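Written below as structure tokens is the structure these notes are about.
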Amino acid sequence: MDFVLTDPPYLVRYKDRSGRTIQNDSEPGVLDAFTDVYRVLKPNTLCVSFYGWNRVDVFFAAWKAAGFAPVGHIVFTKTYASSQRFLRYAHESAYVLAKGRPPLPAEPISDLQPWTYSGNHSHPTEKSVDTLRPIVEAFSKPGDVILQT
């Protein structure tokens, strides 16, 4: 693989307003898959991973155990709040993870990216193509083999 973009379960026992849940969302062992992600990536490449902000310690442990080095952080700004408790949660986040020493992009994108609501028709936390396209375009080139999970 030349690039991986992944959105694993956030380990928060997610349930949307209609009652839909996410498989394996309470099983930290699901993050062991990052070992395989690291294995299938070519040397000097990147993985971008969404994560659960309140379980970032578990995600960091899995990424580092797999061999990844965090090299960037992306915040996707929403025009709406997904939920609210102490704060109105109006963003999503992802880390840029390096295997080896990937080359720097010729024109880096901003670490703040817009978010387009997908409608969550196929999955309760579905990401829109419009949201993900700039990430794929920034960290891959035509002809690359990309794994999107």
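A few points about this structure:
- Taken as a whole, the condition of being of a type outside the set (D, E, K, R), farther than 20 Å from S122 by Cα and either part of a helix (DSSP H, G or I) or at pLDDT 70 or above (or both) applies to L31.
- When S26, S49 are checked against the criterion of being part of a loop (DSSP other than H, G, I, E, B) and either closer than 26 Å to Q84 by Cβ or small (G, A, S) (or both), a single residue qualifies: S26.
- Test: residue in the stretch 57-64 that is in contact (Cβ under 8 Å) with a residue 24 or more places away in the chain and assigned to a loop (DSSP other than H, G, I, E, B): no
- Qualifying residue in the stretch 60-81 (condition: touching a strand residue (DSSP E or B) at 6+ places or on another chain (Cβ under 7 Å), surrounded by 14 or more Cβ atoms within 10 Å (Cβ to Cβ) and more than 18 Å from S49 (Cβ to Cβ)): yes
The values are calculated or read from the model by the stated rules, or taken from the named source; none is laboratory data. Remember, it's a predicted structure, so these values are computed and weren't measured experimentally. Every residue, glycine among them, receives a Cβ derived from its backbone with ideal geometry; neighbour counts consider all protein chains shown.
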